[in-house]
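*Asks:* What follows is a single structure, and I will ask about it in a moment.
The values are calculated or read from the model by the stated rules, or taken from the named source; none is laboratory data. Quick caveat, the model's predicted, so the values are computed rather than measured. Here the Cβ positions follow ideal geometry from the backbone for every residue, glycine too, while neighbour counts run over all protein chains shown. We work out accessible area using only protein heavy atoms, side chains counted, and drop any ligands, DNA or RNA first. Shrake-Rupley method; radii C 1.70, N 1.55, O 1.52, S 1.80 Å.
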Amino acid sequence: MAAIELISPANKDRSLRRQLFAAKCSTYLSRGIGLLIIDVVTSRQGNLHNELMELLGLEHVYQMAKQVSLYCVAYRPLSGSGGDCIETWPVTLNVGQVLPTMPLSLEAGYCVPVDLDAAYVEACNRRRLNEVVG
C-alpha cells in the first residue's frame, strides 16, 4: 500500500489545516504506508514537509529551508531491530522545471518509479489544455 498526496491551496491555508495534513501523513507513515507528497501550490506559502518533520519530533536537519515552498518528497517507513525510521527523498521544484521521477515505496524493500512529468503531460492532454507549462 502507498499514498500520493497532492497538496492543495486549502492544505496551506491556515495553521490548523497544515497541522491536519501533517497528522494525516504521520498516520500513513506510522502504519508503514509509503508516501509521496507533491506541492506545486504557488498561491500560498508554507512547507508541509517541515510541518510533518516537526510533528514527528525530528531534528531541523531533516527539514527543508524555510523559503522552499515548491517541492516533492518521497517517504519510506522502515521497521527493524534498531527501531523505526523513515527514509526521505526531498526534491525542490521550480516553476517551468521538468518534474522529477520519484520513488514510491510499496513495502520496505520495493519502490516503483513515479514519473511526475509524464503524469502531468498526460493530465494536460486528457484535459485538452493547449499549452503545457514545463
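*Asks:* Could you please state how large a percent of the accessible area of the chain is carbon and sulfur, counting protein chains only and using a 1.4 Å probe?
*Replies:* Of all accessible area on the chain, carbon and sulfur atoms account for 52 percent.
*Asks:* Separate question: What are the residues whose amide H is under 5 Å from the amide H of Val114, where those residues sit 5 or more places off or on another chain and H is modelled from the backbone?
*Replies:* Answer set, sorted by chain and number: Met102, Leu104.
*Asks:* Can you pull the accessible area of Ser8 for me, 1.4 Å probe, Å² to the nearest 10?
*Replies:* In the full protein context, Ser8 sits at about 40 Å².
*Asks:* In addition: How far apart, in nm, are the 7 Å Cα→Cβ label points at Val95 and Ser8?
*Replies:* Going from the Val95 label point to the Ser8 one covers 2.2 nm.
*Asks:* Once you've got the GNM for the chain with C-alpha springs shorter than 10 Å, pick whichever of Gly80, Gly57, Gly34 has the biggest mean-square fluctuation.
*Replies:* Of Gly80, Gly57, Gly34, the Gaussian network model singles out Gly80 as fluctuating most.
*Asks:* With a 1.4 Å probe and every protein chain left in place, work out the accessible area per residue of the stretch 6-97 in Å², rounded to a whole number. Numbers along the way, then the final one.
*Replies:* On the way: 5100 Å² over 92 residues.
Per-residue value: 55 Å².
*Asks:* Need one number: nm distance between label points at Gln19 and Thr42, each 7 Å from Cα along Cα→Cβ, rounded to one decimal.
*Replies:* 3.1 nm
*Asks:* Sticking with this structure for a sec: Could you compute how fast the stretch 1-77 diffuses translationally, taking Rh as the Kirkwood radius over C-alpha pairs and applying Stokes-Einstein at 10 °C with viscosity 1.306 mPa s? Give it in µm² per second.
*Replies:* Diffusion coefficient, whole number: 128 µm²/s.
*Asks:* Enumerate the residues in the stretch 88-103 having an amide nitrogen under 15 Å from the point lying 7 Å beyond the Cα of Ala65 toward its Cβ.
*Replies:* Output list for this probe position: 91-95.
*Asks:* From zero outward in steps of 5 Å, how is the percent of C-alpha pairs of the chain spread across the bins?
*Replies:* All Cα pairs, binned at 5 Å, distribute as 2, 10, 19, 22, 20, 14, 8, 3, 1, 0, 0 percent.
*Asks:* Give me the angle, in degrees from 0 to 90, between the Cα long axis of helix 15-30 and the longest principal axis of the Cα atoms of the chain, rounded to the nearest 10.
*Replies:* 60 degrees
*Asks:* How much accessible surface area, in Å² rounded to 10, belongs to the heavy atoms of Ile7 with a 1.4 Å probe?
*Replies:* Probe radius 1.4 Å; accessible area of Ile7 about 10 Å².
*Asks:* Can you give me the solvent accessible area of Arg14 with a 1.4 Å probe, rounded to the nearest 10 Å²?
*Replies:* Probe radius 1.4 Å; accessible area of Arg14 about 120 Å².
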